[in-house]
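Provided herewith is a single structure, encoded as structure tokens, for subsequent inquiry.
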Amino acid sequence: MGLPLGGDDWVAPEIPWEIQIEILIRLPAKSLMRIYAVEFLAVIIDFSDRFSALESNHSSYQSSPINRYYCTAASTPRLYMSLMYTIPHESVLLSLSSSSNKDKSLHPELTMPGMGGRYMVVLRGLILQSVCNKARIHNPTTRQSITLPAVKSSIFVQGEPEKHVHYYFGHDPVLDQYKVVCIVTFFSGKYNKIITSEFWVLVLEAGGSWKRIEFDQPHLANKQGLCINGVLYYISRTLTIVTFDVRSEEFSTFQVPHSLADPLTLIRAGFIEYGGKPAIFDHTKLVPMGLVYLWVLEDGGKWSNKSLVLQPRQMRLFHKNSIPLIVHGTTQNGEVIMAPYQLLSPYYIFYYHVEKNDLRKVRIRGIPDPDYWFGKPHLGMYFRIMDKSESIMHLEI
């Protein structure tokens with residue numbers, strides 16, 4: 001016979017660790033951070049170590065792998081805007097929000113001076129940027145940032161002046177691992193002759209370090225990449241789609257469609273995710289002709305395509321002397337984000353819904369220090385939508 005509830009000698013049974021995990025997974029990130037702040041579960045940083053020991057048991061009663069880094073659902077997606085000027089080095093990262101998708105303006109809800117960078121990549125609640133040829137990862141939920149160690153490239157050692165460094169960010173959903181890929185290329189002339197390339201990968205975890213991997217096709221990486229179901233995709237200047245399996249760390253390539261074999265067209269076109277697949281969004285004839293071409297990489301390396309024509313009422317959203325637009329990814333509901341490459345006041349960005357063939361125009365308001373940023377030549381400007389994931393992953397290396 002058990003002791004009466006509330007008796008002096010009664011001790012509440014300990015909640016099994018795996019049950020604690022399941023409870024915490026279902027909490028929003030802000031609630032988890034409050035728990036962390038009062039040190040109620042300060043061991044949350046060490047979850048990943050204990051998760052590894054539980055994965056085999058966990059898989060027996062749940063089909064999906066344990067989310068070791070606690071990606072939880074945010075209330076609404078956020079649009080991040082990164083501004084960076086090289087000389088002198090100044091940068092800012094803005095988190096923009098609106099009350100609904102129908103709003104005609106966006107306002108900064110958070111301004112982070114010094115946190116901007118180049119080639120912004122957003123993945124499962126984390127942001128990767130390139131700063132002075134090094135990769136920096138920022139977690140906007142925890143306000144934590146780390147700079148990854150420099151790659152020990154032989155190209156750097158030789159001091160080659162014409163070199164290009166590009167970073168990509170991937171996630172393996174099976175092992176729940178984040179990996180950063182670095183490609184260093186030495187070229188001659190205006191990107192016309194690729195001399196050599198080095199390929200490096202780093203697992204984002206305590207003690208992680210750069211490891212060189214072999215790939216016999218030197219190339220100059222172009223465009224920000226996509227990570228879809230554990231595979232990284234990006235476009236190279238050799239007119240190929242390069243893929244990298246995050247788990248096996250193996251490369252492969254696909255040729256781009258013949259009609260996109262013009263390097264200038266490929267450079268100007270956008271590279272987006274469409275229907276869970278990589279796609280080339282050719283908007284080079286959007287202004288003034290109102291034409292868009294979409295090429296989707298299907299299974300087996302085959303390409304499908306369709307043409308879209310905007311209506312005259314949609315074309316009126318563009319100014320007659322519109323500045324060329326750059327594609328900055330897509331929203332969760334399939335809208336392609338396009339923004340003028342130059343920051344002028346007033347500043348508008350465009351959302352184009354491929355399925356509905358609909359275009360809307362949204363003004364960006366509240367950019368800090370407008371006299372400094374507006375009209376600045378050679379300004380690095382990047383937009384990325386943070387999906388509804390929030391992460392309380394503790395960043396360390």
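FYI, it's all coordinate maths here, none of it is from the lab. Please read all numbers here as calculations on a predicted model, not as lab measurements. Here the Cβ positions follow ideal geometry from the backbone for every residue, glycine too, while neighbour counts run over all protein chains shown.
Multiply the residue separation of LEU175 and SER154 by 0.36 nm, subtract the distance between their alpha-carbon atoms, and state the gained length in nm to one decimal.
In short, 4.5 nm is gained.
Residue separation times 0.36 nm, minus the C-alpha to C-alpha distance between SER95 and LEU308: what's the value?
Roughly 73.5 nm would be gained on extension.
Points 7 angstrom from Cα along the Cβ direction at MET315 and GLU273: gap in nanometres?
Here the answer is 3.4 nm between the modelled labels.
Still on this structure, please answer the following. Using the charge dipole of region 72-391 (Lys, Arg: +1 at Cβ; Asp, Glu: -1 at Cβ; taken about the Cα centre), state which of PHE251, TYR348, PRO263 has its Cα farthest towards the positive end.
Toward the positive end, the furthest listed residue is TYR348.
Rounded, prolate or oblate: which fits region 72-391, taking a ≥ b ≥ c as square roots of the Cα gyration tensor eigenvalues, rounded meaning a/c under 1.5, else prolate when a/b beats b/c?
It is rounded, given that a/c, with a ≥ b ≥ c, falls under 1.5.
If I stretch the segment between THR331 and LYS104 completely, what's the gain in nm (0.36 nm per residue apart, minus their alpha carbon distance), one decimal?
80.1 nm
Can I ask one more? Along Cα→Cβ, 7 Å out, is where each label goes; now give me the distance between the ones at ASP245 and ILE15 in nm to one decimal.
Between ASP245 and ILE15, the label points sit 4.0 nm apart.
Pairs of alpha-carbon atoms within less than 8 angstrom and 6+ residues apart define the contacts here; what relative contact order does region 267-377 have, in percent?
In percent, rounded to a whole number, it is 17.
Additional query: Label 7 Å along Cα→Cβ of THR111; region 359-397 residues with amide nitrogen under 14 Å?
365-374
Restricting attention to region 221-320, which chymotrypsin sites (Phe, Trp or Tyr not before Pro) occupy a DSSP loop and are surrounded by at most 10 other Cβ atoms within 10 Å?
Qualifying residues, ordered by number: none.
Here's another thing I want to ask about it. Please identify which residues in region 127-152 have an amide N closer than 17 Å to a label point set 7 Å out from the Cα of SER209, following the Cα→Cβ vector.
Output list for this probe position: 148-152.
At a 10 angstrom cut-off on C-beta neighbours, averaged per residue, how do the peptides 338-347, 369-378, 118-127 rank from highest to lowest?
Packing proxy ranking, top to bottom: 118-127, 338-347, 369-378.
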